[in-house]
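The next block holds one structure in the form of structure tokens; read it before the comments.
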Amino acid sequence: MKTRRVMGIETEYGIICAPRKHSNPPIDAEEAAQVLFRPVIERHRSTNTFLENGARLYLDVGAHPEYATAECDNIRDLLAQDRAGELLFANLAQKANKALKKEGIPGDIHLFKNNVDSQGNSFGCHENYMIRRRADYRHRIERLVPFFVTRQIITGAGVLYKGEDGQVRYEFSQRSHQMWDAISSASTRSRPMINTRDEPHGNPELMRRMHVIVGDSNIAQPTTGLKIATTEALLIMLEEGGILPDLELADSMHAIRVTSGDLSGRANLELKAGGYISPLDIQQRMRDAAMNHLDAKGYMADMDPLLTYLLDLWTRALEAVKNREPEKISTEIDWAAKLVLLRRYCERAQTNLNDSRVQRLDLSYHDITPGGLRTKMEETGLLRRIIPQEESQAAMVNPPRTTRAALRGEFISQAKLHRRDISVDWSTLRLIEAQGNSTVIMDDPLATENADVARLIEEMNA
């Protein structure tokens, strides 16, 4: 039986108040974000709050609405939680647009699950993985850098990238041109692929949190699932003593940009030890190593159907890139889905990627509000939906039941019911009382029972 781990996704959204008629936006992004968060402030007296489903919803620096899923120990819960965040923000946008209309402001708020705006500003999608604390942590994660450099060929969201020549071309990843370091403790100054700032949100003697900030925000659920499944498969291998292929690159930042710009997957990436290798070869060697380890350990025999599907998608996605057949994965992989969509539009309209209409269509793919394309594409079979909509809707109010998120969610729900003042973060619950505060530390992310939390809830009921 493989070790359980908690995982989570943090997503920053782009926001704009689009004019209802051709003109300039009636309010800027900061004002739009304040309107969006009015119901949150009214209910929680803050733009930073934890919810009954165990997740965190807040307004980040730069007027970016952000949602961090609750801790999940399986990909199904994580996908439901991730979509729940989209649905929560879509609901807030609808309320905000009603308010704008009532106030006579001629615009509608749109939220975009992407990573770059028209001015070139970047915002992220961060993955978190609980791993065992080891002295050789950095050495081990360095072996993952080539994987993260090239993972974009299967999990990139696709981007219309304007080159120095002024021409727009289609590339794999929105984040590839925003990375400036491979591994670092800084998050904004150097913007590394893996952030090593040591914030475990749990027992610091036993665990660390691997914070990955290189990934694109994904619209297609299979792509989000693939991003997590492939990374966890390699983490399982590393933690159980497996040896990843030594494919250290001479210049990871150059490699990630070159990889993004070559849709054949055959870009020449220079190895530090000498010679060259392609992104396809790196991914295939990583895939083979992970699958061989999982098979040798016997994990494949009782693997759940969703994970089996996602690991098979790893193989099929690489084959589609190798054979230059994006249409083979266009209902599952974001960059392929959007590329097929844009190509068809260009053919019908007899235009090219420089056309502003194409750029608006690209943006609409990432729009999570009712005006966006995702819902229509899922309902018509153009995008595969893994998690039924009712399951994601349930995740808007219900936390995962197999992690400490269940305790946090129950604590928040009871406080709301009894109108008690509380303070919450990832590992701490605090009941605020006139005679003094009662605090509980939850340092095990996988614990679903805690006598001290039960005692706090009893105090609320008293």
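Quick look at the values:
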| read-out | value |
| --- | --- |
| Leading residue by the ranking (most open to solvent (accessible area, probe 1.4 Å)) among those in the stretch 95-142 that are of a type in the set (Lys, Arg) and modelled with pLDDT under 95 | ARG138 |
| Unmet criterion (only one of (1) within 26 Å of GLU379 (Cβ to Cβ); (2) open to solvent by less than 40 Å² (accessible area, probe 1.4 Å); (3) in contact (Cβ under 8 Å) with a residue 40 or more places away in the chain; (4) β-branched (Val, Ile, Thr)) for VAL340 | (3) |
| Test for ALA157: is it part of a loop (DSSP other than H, G, I, E, B) and under 30 Å from ARG4 (Cα atoms) | yes |
| Any hit, the stretch 354-376, residues being modelled with pLDDT of 95 or more, touching a strand residue (DSSP E or B) at 6+ places or on another chain (Cβ under 7 Å) and among the basic types (Lys, Arg) | no |
| Residues satisfying the stated conditions in the stretch 404-451, i.e. closer than 22 Å to CYS72 by Cα and of a type in the set (Asp, Glu) | GLU410, ASP425, ASP443, ASP444, GLU449 |
| Tally of residues being open to solvent by 40 Å² or more (accessible area, probe 1.4 Å), of a type in the set (S, T, N, Q), more than 24 Å from THR259 (Cβ to Cβ) and part of a helix (DSSP H, G or I) across the stretch 343-372 | 1 |
| Any hit, the stretch 261-272, residues being under 16 Å from THR150 (Cα atoms), in a helix (DSSP H, G or I) and either charged (D, E, K, R) or touching a Phe, Trp or Tyr at 6+ places or on another chain (Cβ under 6 Å) (or both) | no |
| Residues satisfying the stated conditions in the stretch 35-90, i.e. polar (S, T, N, Q) and either without any contact (Cβ under 8 Å) to a residue 12 or more places away in the chain or open to solvent by 10 Å² or more (accessible area, probe 1.4 Å) (or both) | SER46, THR47, ASN48, THR49, ASN74 |
| Yes/no for PRO388 being open to solvent by less than 30 Å² (accessible area, probe 1.4 Å) and either touching a Ser or Thr at 6+ places or on another chain (Cβ under 7 Å) or at pLDDT 95 or above (or both) | no |
| Unique match (being buried (at least 18 other Cβ atoms within 10 Å of the Cβ) and either more than 22 Å from the chain's Cα centre (by Cα) or closer than 24 Å to ILE236 by Cα (or both)) among LEU271, LEU306, LEU310 | LEU310 |
| Among (1) among the small types (Gly, Ala, Ser); (2) surrounded by 20 or more Cβ atoms within 10 Å (Cβ to Cβ); (3) out of contact with any strand residue (DSSP E or B) (no Cβ under 9 Å at 6 or more places or on another chain); (4) not in a helix (DSSP H, G or I), the one test that GLY241 misses | (2) |
| Qualifying positions in the stretch 162-215 - closer than 24 Å to LEU235 by Cβ, part of a loop (DSSP other than H, G, I, E, B) and among the β-branched types (Val, Ile, Thr) | THR196, ILE213, VAL214 |
| From the options ALA447, ALA395, ALA406, residue that is farther than 20 Å from ARG83 by Cβ and either among the hydrophobic types (A, V, I, L, M, F, W, C) or free of Cβ contacts under 8 Å to residues at least 24 places away in the same chain (or both) | ALA447 |
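For every residue, the table says whether it meets (1) modelled with pLDDT of 95 or more; (2) exposed (fewer than 13 other Cβ atoms within 10 Å of the Cβ); (3) of a type in the set (S, T, N, Q); (4) assigned to a helix (DSSP H, G or I).
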residue: ILE412; (1), (2), (3), (4): yes, no, no, yes
residue: THR439; (1), (2), (3), (4): no, no, yes, no
residue: GLU449; (1), (2), (3), (4): yes, yes, no, no
residue: GLU458; (1), (2), (3), (4): no, yes, no, yes
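The values are calculated or read from the model by the stated rules, or taken from the named source; none is laboratory data. Please read all numbers here as calculations on a predicted model, not as lab measurements. Cβ sites come from the backbone with ideal geometry, for glycine too, and all protein chains shown count toward neighbours. Side chains are part of the model used for accessible areas, which takes the heavy atoms of the whole protein and leaves out ligands, DNA and RNA. Shrake-Rupley method; radii C 1.70, N 1.55, O 1.52, S 1.80 Å.
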